[in-house]
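J.: What follows is a structure written as structure tokens; I'll ask about it next.
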Amino acid sequence: MIRPLLEPRSASRSWFLVTSPLGATAISDHSAFWETPISIDLDTGERLVLRSPQDALYALVSDWPVNGGVHQQRAIDFCRAWLAGRMPAETVRQAFILAALEAGVAINDDDGAGSSVGNPLV
């Protein structure tokens, strides 16, 4: 089962409010959505489609199978920095990929083909 964490925004809107699961709010634009979404497979068999740093933060604090990893904490910190307007969304994406590799979380192509990401460029 694939479940998107956020509904895609309307193409006619250029700005929207972003609220994290922790209650922080920042103003962001559509560039905050990653050019290429990340699909991850959880131990439960569920697939999550992550389209933004906000999605990544939710997954890292709510659905992550292994807590306490160095890359997990760094990715959480990067997500929070993005919410505060201090971190580019693509940098957060790379940090999330490293956290997934650290935790052994399977990363798949968004088309559902199931190929794993091997070595992300950081």
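J.: Output the residues belonging to the range 65-95 that are of a type in the set (D, E) and farther than 14 Å from F33 by Cα. Please lay out each step first, then the result.
T.: Step one: list which residues in the range 65-95 are of a type in the set (D, E), which gives 77, 90.
Matches in the range 65-95: D77 only.
J.: Taking the range 35-67, which residues are within 15 Å of L98 (Cβ to Cβ) and either assigned to a loop (DSSP other than H, G, I, E, B) or of a type in the set (F, W, Y) (or both)?
T.: If the condition is that a residue be within 15 Å of L98 (Cβ to Cβ) and either assigned to a loop (DSSP other than H, G, I, E, B) or of a type in the set (F, W, Y) (or both), then W64, V66 are the ones that fit.
J.: Suppose we keep only residues that are farther than 16 Å from M87 by Cβ and among the hydroxyl-bearing types (S, T, Y) within the range 48-66. Which one would you say is least open to solvent (accessible area, probe 1.4 Å)?
T.: Out of the qualifying residues, it is S62.
The values are calculated or read from the model by the stated rules, or taken from the named source; none is laboratory data. It should be emphasised that the depicted structure is a prediction, and the values quoted were computed from it without experimental measurement. As a convention, Cβ positions derive from the backbone with ideal geometry for all residues, glycine included, and neighbour counts pool all protein chains shown. Accessible surface areas use protein heavy atoms only, side chains included; no ligands, DNA or RNA. Shrake-Rupley method; radii C 1.70, N 1.55, O 1.52, S 1.80 Å.
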